[in-house]
1. I need the full set of residues from region A:231-247 which are part of a helix (DSSP H, G or I) and small (Gly, Ala, Ser), in order please.
2. Name the residues in region B:1-16 that are crowded, with 18+ Cβ neighbours inside 10 Å and either at the interface with chain A (Cβ under 9 Å from one of its Cβ atoms) or of a type in the set (Lys, Arg) (or both), would you?
3. Report, by residue number, each residue of region A:34-53 that is within 9 Å of ligand 1 (Cβ to nearest atom) and either open to solvent by 50 Å² or more (accessible area, probe 1.4 Å) or of a type outside the set (A, V, I, L, M, F, W, C) (or both).
4. Looking at A:218, A:171 in this structure, which one is open to solvent by 10 Å² or more (accessible area, probe 1.4 Å), touching a Pro at 6+ places or on another chain (Cβ under 7 Å) and away from ligand 2 (no atom under 16 Å from the Cβ)?
5. Return yes when residue A:5 is open to solvent by less than 30 Å² (accessible area, probe 1.4 Å), in contact (Cβ under 8 Å) with a residue 24 or more places away in the chain and within 16 Å of ligand 2 (Cβ to nearest atom) and no when it is not.
6. Would you mind finding the one in A:171, A:238, A:193 that is within 16 Å of ligand 1 (Cβ to nearest atom), modelled with pLDDT under 90 and away from every other protein chain (no Cβ under 14 Å)?
7. Tell me whether region A:140-152 contains one or more residues that are away from ligand 2 (no atom under 16 Å from the Cβ), open to solvent by 10 Å² or more (accessible area, probe 1.4 Å), assigned to a helix (DSSP H, G or I) and not polar (S, T, N, Q).
8. Return the residues of region A:201-211 that are within 16 Å of ligand 2 (Cβ to nearest atom) and either under 11 Å from the mean Cα position of the chain (by Cα) or within 14 Å of chain B (Cβ to nearest Cβ) (or both); say none if nothing qualifies.
Amino acid sequence: MIDLAIDTRGLRKEYGAKVAVEDLTLTVSRGEVFGFLGPNGAGKTTSMKMLLGLVAPTAGSARVLGAPLGDRKARARMGFLPEHFHFQDWLTGREFLRFHGRLYGISAGPLGRRIEELLKQVDLLDAGERKLREYSKGMLQRIGLAQALLNEPDLVFLDEPTSGLDPLGRLLVRDMIVHMRARGTGVFLNSHLLSEVEVTCDRVAFVKRGAVVRQMALAEQGGGVDVEIRLGKTNAALLAGLSQFGRDVRVDQDRVRMKVKDEARLPEIARWLVGQGAAIYHLGAERKSLEALFLEVMGEDERPG
Amino acid sequence: MNGIITIAHLTLHEVRGRRVALAALILGVAFLAIFAIGFNYIYSDVTGATSPTSPIPRIQYDIALNFIVMAGLYAVNFLIVMMAVLTPIDTLSGDIRSGSIQTLVTKPIRRVEIVLGKWLAFWVILGVYLILMAGGVLLIVRVIANYTLPNAAQGMFFIFLEGTVLMTLSILGGTRLSTLANGVTVLGLFGLAFIGGWLEQIGAYNGNPTAQNFGIVASLFVPTEALWRLSAYYMQPPLVRDVPLTPFSIVSVPSVWMVAWAALYIVAALLIAVRLFNTRDL
Ligand SMILES: Nc1ncnc2c1ncn2[C@@H]1O[C@H](COP(=O)(O)OP(=O)(O)O)[C@@H](O)[C@H]1O
Ligand SMILES: [Mg+2]
């Protein structure tokens with residue numbers, strides 16, 4: 001039991017007659033990157049809010065980091081990036097982080113250092129003295145992410161962290177998740193998308209109309225991960241350079257395909273390609289089975305336009 | 001405790017950052033300037049008409065000055081009421097609506113610390129504003145006419161208590177109501193107490209106990225107007241406060257127990273606010 005980050009039994013939330021979450025029963029291990037995927041309105045945000053103690057469940061029970069829902073000591077070891085976040089926009093980036101750090105009870109000296117470290121990580125060092133109302137959507141998302149990591153949490157909740165982000169922003173979020181996993185931080189990630197971020201998950205659950213319909217581990221496929229890249233222009237030098245990251249580099253019509261050891265390579269490849277001045281139109285790990293399942297779950301609810 | 005201080009600090013920061021403080025300050029300074037100019041004119045009229053050949057009795061002179069100062073403080077009282085109701089009107093409901101409350105509530109602090117931190121910040125703002133405005137009025141009459149209001153400290157205390165009641169109600173409403181509904185409700189309650197206060201005075205003047213009792217009940221329900229009447233009672237010499245049916249006339253003197261009742265009222269409103277906020281889905 002002790003190694004479970006999240007353990008829920010039949011969590012349920014009703015808003016009047018509306019059932020937002022019907023039955024949430026799942027377990028997430030410590031240090032695991034867990035994807036909670038499903039269409040809009042499936043109950044992902046409500047589920048996360050119950051786990052965070054923001055919303056009281058109508059029925060069911062749960063433990064997060066070994067403590068009952070809403071436990072204050074447990075909250076000291078959690079981080080949270082809300083979905084429709086709207087931060088105190090009259091604050092500068094640094095002030096914002098300082099206030100939130102103080103609420104975690106971090107003392108001034110270590111907090112100052114932590115803030116600089118995080119600003120650097122989310123690439124906002126030069127914007128630290130600007131007011132949040134002047135930030136772009138992507139910058140807000142990044143400062144929000146920094147806010148969720150102030151206390152070096154054991155478990156981070158990210159609600160739709162990539163919605164509204166451009167591809168570079170998504171890569172940055174993915175880099176940070178990879179980084180968190182490396183230092184043993186568990187991540188609980190809500191998403192209605194299947195972008196490069198979601199495929200970094202160790203495990204995913206598909207949720208539909210308030211219930212988990214399927215859970216699965218995204219175990220590394222034997223022999224590594226298939227990578228598909230679409231570039232503006234390819235040339236021999238680029239192809240040769242790519243082979244330092246993996247093997248079987250080949251051109252397939254307008255795509256470059258290759259095999260790499262694991263997905264942690266992807267951000268490195270992206271950075272290297274950007275450094276070479278290449279235009280990246282697509283960079284993805286092939287997860288055929290996951291994608292098929294994703295579409296199957298999403299399909300019926302997703303209506304175009 | 002650390003949470004309360006941090007939230008209070010954040011709230012003060014917000015009041016400054018959103019230019020609320022600036023607007024209130026500009027308004028206050030404008031009011032004081034107008035009061036000073038007006039008072040100066042009236043004062044020279046009074047002294048010009050009376051001095052030095054035909055000095056009106058000192059007591060009549062004091063009554064005239066007192067009446068003007070009370071008029072000024074009555075206006076200050078309204079500014080305080082507005083500050084008390086409006087500055088915190090948005091503080092919980094707005095944060096809940098925008099969702100910015102979510103990153104606060106999920107920190108390792110208790111929800112009660114958020115409510116008390118915000119309350120503390122607005123309480124400090126209210127106190128500072130009252131000292132600036134009422135202090136300004138008292139200073140102006142002191143400098144121009146060398147007039148000292150009787151029992152000014154007690155009077156200020158009652159006004160501060162009145163403001164605290166309204167400010168607490170405003171925070172209480174914000175735990176469950178939208179900003180607009182909250183504003184309408186709290187100002188409505190203030191209006192009720194206001195009418196009740198007049199009913200009480202008119203009833204006492206006309207010897208109509210029903211009206212008087214109705215007013216007393218309204219004052220128990222919302223003790224703001226009673227606190228203002230108490231304040232006015234203390235700050236006027238006996239002759240002035242007996243002039244019937246002015247905003248500061250006291251035919252029916254509110255009981256001093258009203259102070260205890262108001263203090264209890266504030267504590268109870270805070271407890272209810274904490275409870276409503278604790279059990280709310282955010
Ligand atoms: N506060 C609320 N009151 C009433 N219904 C709500 C509330 N919050 C969410 N819902 C409903 O619950 C369902 C699940 O919402 P949500 O958890 O936000 O889904 P998701 O995050 O997966 O898009 C939706 O149908 C939504 O309309
Ligand atoms: Mg959602």
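1. Going residue by residue through region A:231-247, those that are part of a helix (DSSP H, G or I) are A:236-242.
A:236, A:237, A:240, A:241 - these are the residues of region A:231-247 that are part of a helix (DSSP H, G or I) and small (Gly, Ala, Ser).
2. B:3, B:6, B:7, B:10, B:14
3. In the first step, residues of region A:34-53 are kept if they are within 9 Å of ligand 1 (Cβ to nearest atom); the result is A:36, A:38-49.
Selection gives A:38, A:39, A:40, A:41, A:43, A:44, A:45, A:46, A:47, A:49.
4. Working: A:218 fails: touching a Pro at 6+ places or on another chain (Cβ under 7 Å).
Testing whether each residue is open to solvent by 10 Å² or more (accessible area, probe 1.4 Å), touching a Pro at 6+ places or on another chain (Cβ under 7 Å) and away from ligand 2 (no atom under 16 Å from the Cβ) leaves just A:171.
5. On the way: open to solvent by less than 30 Å² (accessible area, probe 1.4 Å): yes; in contact (Cβ under 8 Å) with a residue 24 or more places away in the chain: yes; within 16 Å of ligand 2 (Cβ to nearest atom): no.
Taking the combined requirement at face value, the residue does not satisfy it.
6. Values: A:171 fails: within 16 Å of ligand 1 (Cβ to nearest atom); A:238 fails: within 16 Å of ligand 1 (Cβ to nearest atom).
Result of the check over A:171, A:238, A:193: A:193.
7. Yes, region A:140-152 contains a residue that is away from ligand 2 (no atom under 16 Å from the Cβ), open to solvent by 10 Å² or more (accessible area, probe 1.4 Å), assigned to a helix (DSSP H, G or I) and not polar (S, T, N, Q).
8. none
The values are calculated or read from the model by the stated rules, or taken from the named source; none is laboratory data. Treat the numbers as computed from the prediction; the structure is a model and nothing was measured. Don't worry about glycine lacking a Cβ; one is built from the backbone with ideal geometry, like all the others, and counts go over all protein chains shown. What goes into the accessible areas is simple: the full protein's heavy atoms, side chains included, and nothing from ligands, DNA or RNA. Shrake-Rupley method; radii C 1.70, N 1.55, O 1.52, S 1.80 Å.
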